[in-house]
1. Return the residues of the range 104-120 that are surrounded by fewer than 14 Cβ atoms within 10 Å (Cβ to Cβ), more than 14 Å from the chain's Cα centre (by Cα) and either touching a residue at least 12 places away in the same chain (Cβ under 8 Å) or not in a strand (DSSP E or B) (or both); say none if nothing qualifies.
2. Can you name the residue in the range 10-64 that is crowded, with 18+ Cβ neighbours inside 10 Å, small (Gly, Ala, Ser) and touching a strand residue (DSSP E or B) at 6+ places or on another chain (Cβ under 6 Å) and is also modelled with the highest pLDDT among such residues?
3. Could you grab the pairs with beta carbons closer than 7 Å, sequence gap of 6+ or different chains, first residue in the range 63-76 and without any contact (Cβ under 8 Å) to a residue 24 or more places away in the chain, second one loosely packed, with under 15 Cβ neighbours inside 10 Å and not in a strand (DSSP E or B)?
4. Name the residues in the range 96-120 that are over 11 Å from residue 36 (Cα atoms) and modelled with pLDDT under 95, would you?
5. Out of all the residues in the range 40-64, which are in a helix (DSSP H, G or I) and either among the acidic types (Asp, Glu) or within 18 Å of the chain's Cα centre (by Cα) (or both)?
6. May I ask you to say which residue of 80, 88 is farther than 16 Å from residue 40 by Cβ and crowded, with 20+ Cβ neighbours inside 10 Å?
Amino acid sequence: MSDTAIQLHPIGSIHTPFKDLSGMPIQPTSDASAPGTIELFPEFMPGLKDLDGFSHLILLYYLRAGPAKLEVTPFLDTRARGIFATRAPTRPNPIGLSVVKLNRIEGNILFIDNLDILDGTPLLDIKPYIPEFDFQPEVRTGWYEQAKGKVKRTKSDSRFL
């Protein structure tokens, strides 16, 4: 392991109706995902220039979950898997990623749909979703193949607290 220290500082805070990890959606495509807002800290407002031209965003944020584990049983499976083969939150570097829909921007507030994030989560970065860059037409999805279609109705439980 390297001795290099990395420091990240939030650029804002994500506000959602989800106050507890248990019972919230496990992915933004879930039927239980919800609208919410991003409060960008005022010093980062110049970075919003031209963002309103995009319909979808990639959010990077600090996951608030239990201690890191290298093997976990994901929500959509019953077998233990390596953490890097899952989207589980108990990661060595707890960084989350969600693709969300941008509805509008008012000052330093972004109005968002399809959130699966705990209220008050620190936001680390925003990137525009660009299909030509981000969409991959031919992919393998490993163990998830057997769970296809279940994400829409699966909610979080206490396994990653």
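The values are calculated or read from the model by the stated rules, or taken from the named source; none is laboratory data. Nothing here was measured: the structure is a model prediction, and the numbers come from that model. Note: ideal-geometry Cβ built from the backbone for every residue, glycine included; neighbour counts use all protein chains shown.
1. Passing the criteria: 104, 107.
2. The qualifying residue modelled with the highest pLDDT is 12.
3. Final answer for the pair search is 71/80.
4. Correct list: 96, 97, 98, 99.
5. Matches in the range 40-64: 43, 52.
6. The unique qualifying residue is 88.
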